[in-house]
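In what follows, a structure is listed as C-alpha cells, so that the remarks can point back to it.
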Amino acid sequence: MRSIPVEAVVLKVIDYREADIIATLFTREHGKLRGIAPNARKSRKRFGGALDIFARLALSIRLREGLSSIEEAAIISLSSRIREDMTKVAYAGYACELTDLLLPDGMPNHRYYRLLCAWLERLDTAPPSPADRRFFEINALNILGYRPELEHCTVCDGPFDGLSPLSFHPPAHALTCRDCAGAGIAITPAVAPLLRDCLATGRFGTVSFSSEELADAGTILDNLIIAHAGKEPKSLRFLREVAATSLTDENAPTLP
C-alpha cells in the first residue's frame, strides 16, 4: 500500500522497543488511528522530534488495519507554550484523552477536528480558562450527538427562560424545571442560556461564567462526559489536582 499524506493531532505516544514510537493520532482525513514510527527516537531526518503529544503534524502514512506505519512527520504546530504551564498541560491532556475515549477509530469528523485544533491553539496563546474548558466540552458533546436539552424541560416541555431555577438528573442526563425537579441537583437558571451561547458562537473567550455558573456547568458536563466515555478520564483527576494546587499557591502567604 502506498504512503498517503494526512494532517493529525497527536493524542498519545508510547515508546516501543529500542527506538520506535507508537502514536495515537486524530487525523483530519481518516479519523482516529494508531501508527508505529520505526526508529523515530533516533531518526531526526524523518521525524525530527515531531511525534509528541499535542503536536499538530503533516504526516506520511501507510494505512493498515490495526497499526498503520508512519513514514515521515513535519511540524505544523508543536503548541510549545502549552508545555510551559502545568494548568495548560492538564487542559490539553484532558482534551486529547477525551478525544481518544469518545471517538471511534477510523471515522473522520472534520467539525471535531477543527474544534480540537482551535482549543489547542487557544491554550497556546491565551491564559488557561475554566470557561474555555466548558466551551470545548459542550461543543464536543454537541458535535458527537450527546448534547443535553438546553431549551425546554425534558418532563413538561416548558421553556428555560434563564430566570427560573433548574435541576439536573445524572441518571437521565437531563435538565428539568424546578416544578419537575424530583431528586435532581439544583442548577443556576443562567447555565442553560450560557451553554446555548457557547454553541451559538465559534470563538473561545466570548462567553463568561460566574464561579457559581461554572460549578453548575461542571456538574452537568462532567456527568455527561463520564457517562458517554464509560469511565472518568484519568486526566480529569490530574486536572482537579492541578486546580487544587493552584488554589493552595494563591492562598499561601507572600514571602518577604
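Descriptive notes on the structure:
- Dipole magnitude (debye, nearest 20) for the chain, charges at Cβ of Lys, Arg, Asp, Glu: 1240
- Kirkwood hydrodynamic radius of the chain, from inverse mean 1/r over distinct Cα pairs, in Å: 19.8
- In loop segments of segment 124-224 as defined by DSSP, the GluC sites (Glu not before Pro) with at most 15 further C-beta atoms inside 10 Å of their C-beta are Glu149, Glu151.
- Near the amide H of Ile187, within less than 5 Å, lie the amide hydrogens of Leu166, Ser167, Phe168, all on another chain or at least 5 residues away, with H placed in the peptide plane.
- Efficiency of FRET between Ile75 and Met107 - r from beta-carbon atoms, R0 30 angstrom, step 0.05: 0.70
- Translational diffusion of segment 171-228 was estimated from the Stokes-Einstein equation, with Rh taken as the Kirkwood radius over Cα pairs; at 4 °C and 1.567 mPa s the coefficient is 104 µm²/s.
- Put simply, when 6-13, 181-188 are sorted by average Cβ atoms within 10 angstrom per residue, most first, you get 6-13, 181-188.
- Environment charge at Glu65 (Cβ cut-off 12 Å; Lys +1, Arg +1, Asp -1, Glu -1): +2
- Between the Cα long axis of helix 211-229 and the first principal axis of the chain there is an angle of about 60°, rounded to the nearest 10.
- HN-Hα J in Hz across segment 149-163 - Karplus 6.51, -1.76, 1.60, θ = phi - 60°, x for Gly and Pro: 5, 10, 10, 9, 4, 6, 9, 9, 6, x, x, 8, 9, x, 10
- Sites His228 and Lys42 - FRET efficiency at Förster radius 51 Å, r taken between beta-carbons, to 0.05: 0.80
- Accessible carbon and sulfur surface of the chain relative to its total accessible area, %, 1.4 Å: 51
- Degrees separating the helix 110-125 axis from the principal Cα axis of the chain, which is the longest one: 90
- Length-normalised contact order of segment 160-215 in % [C-alpha pairs under 8 Å, at least 6 apart]: 32
- Other-chain or far-sequence residues with amide H under 5 Å of Lys32's (modelled H): Thr27, Gly106, Met107
- Using the Cβ of Lys231 as centre and a radius below 15 Å, the other residues enclosed give a net charge of -2, where K and R count +1 and D and E count -1.
- Inter-centroid distance (Cα atoms) of segment 189-243 relative to segment 60-112, Å: 21
- log₁₀ of I(q)/I(0) at q = 0.10, 0.14 Å⁻¹ - segment 12-145, Debye sum with one point per alpha carbon: -0.32, -0.63
- Farthest positive-ward along the chain dipole, Cα basis, beta-carbon charges - from Ala37, Ala131, Ala215: Ala37
- Nitroxide proxy distance, nm - points 7 Å out along Cα→Cβ at Arg64 and Arg114: 3.5
- Cβ-Cβ distance of Lys12 and Glu84, R₀ of 30 Å, FRET efficiency by 1/(1 + (r/R0)^6): the value works out to about 0.90.
- Qualifying trypsin sites (Lys or Arg not before Pro) for segment 40-136 [loop in DSSP, other Cβ within 10 Å: at most 14]: Lys42, Arg44, Lys45, Arg64
- The heavy atoms of Asp100 present about 40 square angstrom of accessible area, all protein chains included, probe 1.4 Å.
- Heavy-atom surface of the chain, accessible at 1.4 Å and reported per residue (Å²): 50
- Taking the convex hull of Cα positions in segment 145-256, its mean projected area over all directions (nm²): 9.4
The values are calculated or read from the model by the stated rules, or taken from the named source; none is laboratory data. Fair warning: this is a prediction, and the values are worked out from it, not measured in the lab. Don't worry about glycine lacking a Cβ; one is built from the backbone with ideal geometry, like all the others, and counts go over all protein chains shown. Just so you know, the surface numbers come from the protein's heavy atoms only, side chains and all, with ligands and any DNA or RNA stripped out. Shrake-Rupley method; radii C 1.70, N 1.55, O 1.52, S 1.80 Å.
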